[in-house]
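Here is the structure we will look at.
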Amino acid sequence: MTLRFRLSPVPAGRHSESDLGAVLLGPAVSAPATGWPIQAVRAPLLGAPAPAFEETWQAAGPCVHGASEGIAWRRCGDILFGVIDLDEAGFDAAAERPPLQAASEAAYHRIFRLLDAQNLPHLWRIWNYMADINAETHGLERYRQFNVGRQDAFIAHRRSAAGNAPAACALGLAGGPLSIAFLAGATPAVSIENPRQVSACDYPAEYGPRAPIFSRGALVRPPGQEILFISGTASIVGYRTVHPGDVAGQCREALANVGSVVAEANRAARSRPFALDELACRVYVRHAADFPAIRDALAPHLGAGGVLYVQADICRADLLLEIEAMASHPMEHD
Ligand code: 3EB
(Lines give C-alpha, C1' and ligand atoms only; values in the text may rest on other atoms or scores of the structure.)
Protein backbone atom coordinates (compact mmCIF):
# COMPACT_ATOMS: atom_id res chain seq x y z
CA MET A 1 0.00 0.00 0.00
CA THR A 2 1.66 3.17 -1.10
CA LEU A 3 0.39 6.61 -0.23
CA ARG A 4 1.21 9.25 -2.80
CA PHE A 5 0.54 12.96 -2.98
CA ARG A 6 0.34 14.86 -6.19
CA LEU A 7 0.04 18.59 -6.75
CA SER A 8 -1.73 19.57 -9.94
CA PRO A 9 -3.47 22.63 -11.34
CA VAL A 10 -7.25 22.69 -11.01
CA PRO A 11 -9.14 21.11 -12.69
CA ALA A 12 -7.08 18.10 -11.76
CA GLY A 13 -9.29 15.56 -13.52
CA ARG A 14 -11.70 13.06 -12.11
CA HIS A 15 -10.92 11.30 -8.89
CA SER A 16 -10.26 7.60 -9.17
CA GLU A 17 -11.53 4.96 -6.77
CA SER A 18 -8.05 4.69 -5.30
CA ASP A 19 -7.87 8.38 -4.39
CA LEU A 20 -8.22 8.97 -0.68
CA GLY A 21 -9.15 12.62 -0.93
CA ALA A 22 -7.79 16.03 -1.75
CA VAL A 23 -7.09 19.58 -0.73
CA LEU A 24 -8.07 22.45 -3.02
CA LEU A 25 -6.10 25.68 -2.68
CA GLY A 26 -6.99 28.96 -4.33
CA PRO A 27 -8.93 32.18 -3.82
CA ALA A 28 -12.25 30.83 -5.09
CA VAL A 29 -12.17 27.10 -4.40
CA SER A 30 -15.03 25.32 -2.71
CA ALA A 31 -15.36 21.70 -1.75
CA PRO A 32 -17.72 19.86 -4.07
CA ALA A 33 -20.79 18.35 -2.44
CA THR A 34 -19.81 14.85 -3.48
CA GLY A 35 -19.29 13.43 -0.03
CA TRP A 36 -15.60 12.98 -0.75
CA PRO A 37 -13.13 14.26 1.83
CA ILE A 38 -11.97 17.37 0.02
CA GLN A 39 -10.69 20.31 2.01
CA ALA A 40 -11.09 23.77 0.50
CA VAL A 41 -8.33 26.17 1.54
CA ARG A 42 -9.78 29.38 0.18
CA ALA A 43 -6.71 31.59 0.02
CA PRO A 44 -4.81 33.52 -2.64
CA LEU A 45 -1.87 31.70 -4.20
CA LEU A 46 1.23 33.80 -4.78
CA GLY A 47 3.37 33.49 -7.90
CA ALA A 48 1.54 30.32 -8.94
CA PRO A 49 1.16 29.31 -12.58
CA ALA A 50 -2.55 28.53 -12.15
CA PRO A 51 -5.27 30.18 -10.05
CA ALA A 52 -5.96 27.03 -8.06
CA PHE A 53 -4.17 23.77 -7.22
CA GLU A 54 -5.24 20.41 -5.95
CA GLU A 55 -3.17 18.23 -3.68
CA THR A 56 -4.44 14.72 -4.18
CA TRP A 57 -3.83 11.84 -1.81
CA GLN A 58 -3.70 8.59 -3.76
CA ALA A 59 -3.69 5.14 -2.29
CA ALA A 60 -2.98 1.94 -4.15
CA GLY A 61 -6.24 0.10 -3.98
CA PRO A 62 -9.98 0.50 -3.65
CA CYS A 63 -11.22 2.67 -0.82
CA VAL A 64 -14.15 2.41 1.49
CA HIS A 65 -15.80 5.68 2.42
CA GLY A 66 -18.26 7.13 4.82
CA ALA A 67 -19.69 10.10 6.61
CA SER A 68 -19.52 10.20 10.35
CA GLU A 69 -20.75 13.12 12.47
CA GLY A 70 -19.97 15.56 9.68
CA ILE A 71 -16.61 14.03 8.79
CA ALA A 72 -16.23 12.91 5.19
CA TRP A 73 -13.66 10.13 5.03
CA ARG A 74 -12.12 7.53 2.79
CA ARG A 75 -10.03 4.60 3.86
CA CYS A 76 -7.72 2.38 1.85
CA GLY A 77 -6.18 -0.51 3.74
CA ASP A 78 -4.99 0.96 7.01
CA ILE A 79 -4.84 4.62 5.96
CA LEU A 80 -7.71 7.04 6.39
CA PHE A 81 -8.06 10.62 5.17
CA GLY A 82 -10.89 12.73 6.56
CA VAL A 83 -12.16 16.29 6.42
CA ILE A 84 -14.51 18.06 8.80
CA ASP A 85 -15.82 21.60 8.32
CA LEU A 86 -17.70 23.13 11.23
CA ASP A 87 -19.55 26.41 11.08
CA GLU A 88 -18.96 28.25 14.33
CA ALA A 89 -22.45 29.74 14.09
CA GLY A 90 -23.71 26.30 15.09
CA PHE A 91 -22.06 26.67 18.48
CA ASP A 92 -23.80 28.78 21.06
CA ALA A 93 -22.22 32.19 21.44
CA ALA A 94 -24.20 32.81 24.61
CA ALA A 95 -22.51 29.93 26.36
CA GLU A 96 -19.43 30.48 28.46
CA ARG A 97 -17.15 28.97 25.87
CA PRO A 98 -16.26 30.87 22.73
CA PRO A 99 -17.85 29.21 19.67
CA LEU A 100 -14.47 28.47 18.08
CA GLN A 101 -13.31 26.68 21.22
CA ALA A 102 -16.51 24.63 21.29
CA ALA A 103 -16.22 23.87 17.57
CA SER A 104 -12.62 22.73 17.81
CA GLU A 105 -13.36 20.54 20.82
CA ALA A 106 -16.35 19.01 19.01
CA ALA A 107 -14.37 18.45 15.81
CA TYR A 108 -11.60 16.61 17.62
CA HIS A 109 -14.06 14.53 19.64
CA ARG A 110 -15.68 13.45 16.39
CA ILE A 111 -12.32 12.66 14.79
CA PHE A 112 -11.28 10.52 17.75
CA ARG A 113 -14.63 8.69 17.79
CA LEU A 114 -14.27 7.92 14.08
CA LEU A 115 -10.71 6.66 14.53
CA ASP A 116 -11.80 4.48 17.46
CA ALA A 117 -14.66 3.04 15.40
CA GLN A 118 -12.34 2.40 12.46
CA ASN A 119 -9.72 0.89 14.73
CA LEU A 120 -7.12 3.24 13.25
CA PRO A 121 -5.97 4.99 16.39
CA HIS A 122 -2.92 6.83 15.15
CA LEU A 123 -3.17 10.40 13.90
CA TRP A 124 -0.31 11.17 11.56
CA ARG A 125 -0.87 14.67 10.19
CA ILE A 126 -3.51 17.35 10.75
CA TRP A 127 -4.21 20.51 8.77
CA ASN A 128 -6.25 23.13 10.71
CA TYR A 129 -7.74 26.27 9.12
CA MET A 130 -9.96 28.87 10.71
CA ALA A 131 -11.16 32.41 10.07
CA ASP A 132 -9.56 35.44 11.74
CA ILE A 133 -6.99 33.40 13.65
CA ASN A 134 -5.37 36.43 15.30
CA ALA A 135 -8.57 38.26 16.24
CA GLU A 136 -9.37 38.57 19.93
CA THR A 137 -12.90 37.77 21.11
CA HIS A 138 -14.15 36.66 24.51
CA GLY A 139 -10.92 38.09 25.91
CA LEU A 140 -8.72 35.58 24.10
CA GLU A 141 -7.06 35.37 20.69
CA ARG A 142 -8.96 32.95 18.49
CA TYR A 143 -5.93 30.69 17.90
CA ARG A 144 -5.73 30.32 21.68
CA GLN A 145 -9.45 29.51 21.85
CA PHE A 146 -8.82 26.81 19.28
CA ASN A 147 -5.97 25.46 21.41
CA VAL A 148 -8.22 25.17 24.46
CA GLY A 149 -10.84 23.15 22.58
CA ARG A 150 -8.23 20.97 20.89
CA GLN A 151 -6.44 20.19 24.13
CA ASP A 152 -9.67 19.40 25.98
CA ALA A 153 -10.56 16.82 23.33
CA PHE A 154 -7.08 15.26 23.35
CA ILE A 155 -7.21 14.96 27.14
CA ALA A 156 -10.74 13.52 27.14
CA HIS A 157 -9.57 10.82 24.75
CA ARG A 158 -6.38 10.20 26.71
CA ARG A 159 -4.32 11.26 23.75
CA SER A 160 -2.32 14.01 25.39
CA ALA A 161 0.75 11.98 26.37
CA ALA A 162 3.98 13.71 25.43
CA GLY A 163 5.82 12.16 22.51
CA ASN A 164 2.87 11.05 20.42
CA ALA A 165 1.38 14.28 19.11
CA PRO A 166 0.76 14.32 15.38
CA ALA A 167 2.42 16.69 12.94
CA ALA A 168 0.14 19.66 12.30
CA CYS A 169 -0.35 23.20 11.13
CA ALA A 170 -2.89 25.86 12.08
CA LEU A 171 -3.53 28.82 9.79
CA GLY A 172 -5.95 31.68 9.47
CA LEU A 173 -8.05 32.42 6.41
CA ALA A 174 -10.21 35.43 5.59
CA GLY A 175 -13.40 33.53 6.35
CA GLY A 176 -15.02 30.15 6.21
CA PRO A 177 -15.62 27.38 8.70
CA LEU A 178 -13.21 25.69 11.04
CA SER A 179 -11.79 23.13 8.62
CA ILE A 180 -9.69 20.18 9.69
CA ALA A 181 -8.17 17.56 7.41
CA PHE A 182 -6.32 14.58 8.83
CA LEU A 183 -4.43 11.45 7.90
CA ALA A 184 -4.51 8.52 10.29
CA GLY A 185 -3.27 4.97 10.24
CA ALA A 186 -2.82 1.71 12.06
CA THR A 187 0.83 2.30 12.87
CA PRO A 188 2.02 4.98 15.27
CA ALA A 189 3.78 8.03 13.92
CA VAL A 190 7.29 8.58 15.21
CA SER A 191 7.10 12.10 16.62
CA ILE A 192 10.04 14.34 15.76
CA GLU A 193 10.94 17.37 17.87
CA ASN A 194 13.31 20.23 17.08
CA PRO A 195 16.22 20.79 19.47
CA ARG A 196 16.18 24.50 18.55
CA GLN A 197 12.61 24.84 19.81
CA VAL A 198 10.71 24.08 22.98
CA SER A 199 8.09 21.41 22.31
CA ALA A 200 4.80 23.15 21.63
CA CYS A 201 3.13 21.27 24.49
CA ASP A 202 5.62 22.99 26.83
CA TYR A 203 5.01 26.57 25.64
CA PRO A 204 4.64 28.86 28.66
CA ALA A 205 1.29 30.41 29.58
CA GLU A 206 2.14 33.74 27.94
CA TYR A 207 1.29 31.96 24.65
CA GLY A 208 -2.16 30.98 25.84
CA PRO A 209 -3.90 29.19 28.68
CA ARG A 210 -3.47 25.84 26.93
CA ALA A 211 -0.56 24.68 24.87
CA PRO A 212 -0.91 23.68 21.25
CA ILE A 213 -0.74 19.94 20.64
CA PHE A 214 1.53 19.00 17.77
CA SER A 215 4.98 17.62 17.20
CA ARG A 216 7.50 19.37 14.94
CA GLY A 217 7.41 16.47 12.54
CA ALA A 218 6.29 12.89 12.15
CA LEU A 219 7.69 9.84 10.42
CA VAL A 220 5.05 7.37 9.34
CA ARG A 221 5.62 3.97 7.84
CA PRO A 222 2.86 2.49 5.74
CA PRO A 223 4.03 -0.87 4.34
CA GLY A 224 6.96 -0.37 1.99
CA GLN A 225 7.21 3.35 2.60
CA GLU A 226 8.50 6.02 4.94
CA ILE A 227 6.88 9.47 4.88
CA LEU A 228 8.21 12.54 6.65
CA PHE A 229 5.72 15.23 7.58
CA ILE A 230 7.19 18.53 8.76
CA SER A 231 4.69 20.62 10.71
CA GLY A 232 4.19 24.31 10.19
CA THR A 233 7.63 25.77 10.96
CA ALA A 234 8.25 29.43 11.66
CA SER A 235 10.80 31.85 13.07
CA ILE A 236 10.62 30.60 16.64
CA VAL A 237 13.66 29.76 18.75
CA GLY A 238 13.01 28.27 22.14
CA TYR A 239 9.43 29.42 22.49
CA ARG A 240 9.90 33.03 21.37
CA THR A 241 9.35 34.62 17.99
CA VAL A 242 12.66 35.92 16.68
CA HIS A 243 13.20 38.63 14.03
CA PRO A 244 9.81 40.31 14.44
CA GLY A 245 9.21 42.63 11.49
CA ASP A 246 12.24 41.25 9.61
CA VAL A 247 11.17 39.06 6.71
CA ALA A 248 14.66 38.04 5.66
CA GLY A 249 15.53 37.10 9.24
CA GLN A 250 12.35 35.07 9.64
CA CYS A 251 13.10 33.22 6.39
CA ARG A 252 16.59 32.30 7.59
CA GLU A 253 15.30 31.15 10.97
CA ALA A 254 12.40 29.15 9.56
CA LEU A 255 14.79 27.45 7.12
CA ALA A 256 17.18 26.67 9.96
CA ASN A 257 14.28 25.13 11.86
CA VAL A 258 13.19 23.03 8.90
CA GLY A 259 16.79 21.87 8.49
CA SER A 260 16.94 20.99 12.16
CA VAL A 261 13.70 18.95 11.96
CA VAL A 262 15.06 17.12 8.91
CA ALA A 263 18.28 16.32 10.80
CA GLU A 264 16.30 15.05 13.79
CA ALA A 265 14.10 12.97 11.50
CA ASN A 266 17.18 11.45 9.93
CA ARG A 267 18.28 10.13 13.31
CA ALA A 268 15.10 8.03 13.30
CA ALA A 269 14.68 7.40 9.56
CA ARG A 270 14.88 3.82 8.35
CA SER A 271 14.89 4.59 4.64
CA ARG A 272 17.61 6.83 3.21
CA PRO A 273 18.24 10.25 4.77
CA PHE A 274 15.75 12.99 3.93
CA ALA A 275 17.15 16.07 2.21
CA LEU A 276 15.93 19.67 2.21
CA ASP A 277 15.85 19.84 -1.55
CA GLU A 278 13.48 16.91 -1.98
CA LEU A 279 10.71 18.34 0.19
CA ALA A 280 7.31 19.26 -1.20
CA CYS A 281 6.53 22.50 0.60
CA ARG A 282 3.65 24.79 1.33
CA VAL A 283 4.79 28.24 2.40
CA TYR A 284 2.24 30.46 4.12
CA VAL A 285 2.87 34.19 3.64
CA ARG A 286 1.07 36.68 5.88
CA HIS A 287 1.48 39.76 3.69
CA ALA A 288 1.34 39.31 -0.09
CA ALA A 289 3.79 42.22 -0.40
CA ASP A 290 6.47 40.08 1.31
CA PHE A 291 6.13 37.29 -1.25
CA PRO A 292 9.01 38.31 -3.59
CA ALA A 293 11.43 38.61 -0.67
CA ILE A 294 10.30 35.31 0.81
CA ARG A 295 10.50 33.48 -2.50
CA ASP A 296 13.99 34.85 -3.18
CA ALA A 297 15.18 33.82 0.28
CA LEU A 298 13.72 30.31 0.18
CA ALA A 299 14.15 29.39 -3.49
CA PRO A 300 17.85 28.47 -3.28
CA HIS A 301 17.09 26.00 -0.48
CA LEU A 302 13.65 24.57 -1.15
CA GLY A 303 11.73 23.82 -4.21
CA ALA A 304 12.96 20.75 -6.01
CA GLY A 305 9.96 18.88 -4.60
CA GLY A 306 7.58 21.72 -5.43
CA VAL A 307 6.63 24.81 -3.44
CA LEU A 308 3.20 26.38 -3.26
CA TYR A 309 3.01 29.87 -1.74
CA VAL A 310 -0.30 30.55 0.00
CA GLN A 311 -1.39 33.83 1.53
CA ALA A 312 -2.66 33.09 5.03
CA ASP A 313 -2.41 34.34 8.58
CA ILE A 314 0.14 32.64 10.80
CA CYS A 315 -0.98 31.77 14.31
CA ARG A 316 1.16 34.37 16.05
CA ALA A 317 0.58 37.95 14.94
CA ASP A 318 4.34 38.61 14.73
CA LEU A 319 5.09 35.68 12.42
CA LEU A 320 5.37 36.64 8.75
CA LEU A 321 5.72 33.19 7.21
CA GLU A 322 5.52 29.51 7.97
CA ILE A 323 6.89 26.53 6.03
CA GLU A 324 5.41 23.03 6.04
CA ALA A 325 6.78 20.15 4.07
CA MET A 326 6.72 16.46 3.33
CA ALA A 327 8.63 13.79 1.48
CA SER A 328 8.20 10.10 0.84
CA HIS A 329 10.76 7.32 0.44
CA PRO A 330 10.27 3.73 -0.56
CA MET A 331 11.41 1.28 2.08
CA GLU A 332 12.10 -2.44 2.18
CA HIS A 333 9.57 -4.32 4.24
CA ASP A 334 10.97 -5.03 7.68
C1 3EB B 1 4.64 27.32 16.23
O2 3EB B 1 5.70 26.74 16.03
C3 3EB B 1 4.02 27.97 15.04
O4 3EB B 1 -1.25 24.77 16.47
O5 3EB B 1 -1.19 22.96 15.27
C6 3EB B 1 2.92 25.41 13.86
C7 3EB B 1 2.47 24.11 13.64
C8 3EB B 1 2.18 26.26 14.65
C9 3EB B 1 1.26 23.67 14.21
C10 3EB B 1 -0.72 24.07 15.61
C11 3EB B 1 0.98 25.82 15.21
C12 3EB B 1 0.52 24.54 14.99
O13 3EB B 1 4.12 27.42 17.34
C14 3EB B 1 2.60 27.68 14.90
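Accessible-area rank, largest first, for L140, L228: L140, L228, with all protein chains present and a 1.4 angstrom probe. Solvent exposure of H287, expressed as accessible area, is near 90 Å², computed with a probe of 1.4 Å over the protein chains only.
Positive contributions from Lys and Arg (+1) and negative ones from Asp and Glu (-1), summed over other residues with Cβ under 9 Å from the Cβ of G208, come out at 0. Sorting F91, F229 by solvent-accessible area of protein heavy atoms yields F91, F229, largest first, with a 1.4 Å probe. Estimated translational diffusion coefficient (Stokes-Einstein, Kirkwood radius over Cα pairs, 37 °C, 0.692 mPa s) of the chain: 166 µm² per second. For the pair V10 and D296, a Förster radius of 22 Å applied to the C-beta separation gives a FRET efficiency near 0.25, rounded to the nearest 0.05. Computed with a 1.4 Å probe on the full set of protein chains, the accessible area for E253 sits at about 30 Å².
Of the solvent-accessible surface of segment 3-330, computed with a 1.4 Å probe over protein heavy atoms with every protein chain present, carbon and sulfur atoms account for 53 percent. Put simply, segment 260-309 fits an ellipsoid with semi-axes of 26, 10, 9 Å; these come from the alpha carbon gyration tensor as the roots of five times its eigenvalues, largest first. Here the label points at A94 and D202, each 7 Å from Cα along the C-beta direction, are separated by 4.5 nm in the simple model.
Which value, in Å², gives the accessible area per residue of the chain when a 1.4 Å probe is used on the protein heavy atoms?
Details: 13120 Å² over 334 residues.
Heavy-atom accessible area per residue stands at 39 Å².
Dividing the summed helix terms, -39500 (n - 2.57) for each DSSP H run of n ≥ 4, by the number of residues in the chain produces a 222 nm estimate of -6500 deg cm²/dmol to the nearest 500. Note on A317 and Y239: their simple-model spin labels are 1.9 nm apart, each label 7 Å out from Cα toward Cβ.
Where in segment 291-334 is the amide nitrogen less than 17 Å from a point lying 7 Å along the Cα-to-Cβ axis of A60? Answer for segment 291-334: 328-334.
The values are calculated or read from the model by the stated rules, or taken from the named source; none is laboratory data. Bear in mind that the values here come from a model prediction, so they are computed numbers and not experimental data. Note that each Cβ is placed from the backbone with ideal geometry, even for glycine, and that neighbours are counted across all protein chains shown. Each accessible area value is taken on the protein alone, full model and side chains, heavy atoms only, with ligands, DNA and RNA left out. Shrake-Rupley method; radii C 1.70, N 1.55, O 1.52, S 1.80 Å.
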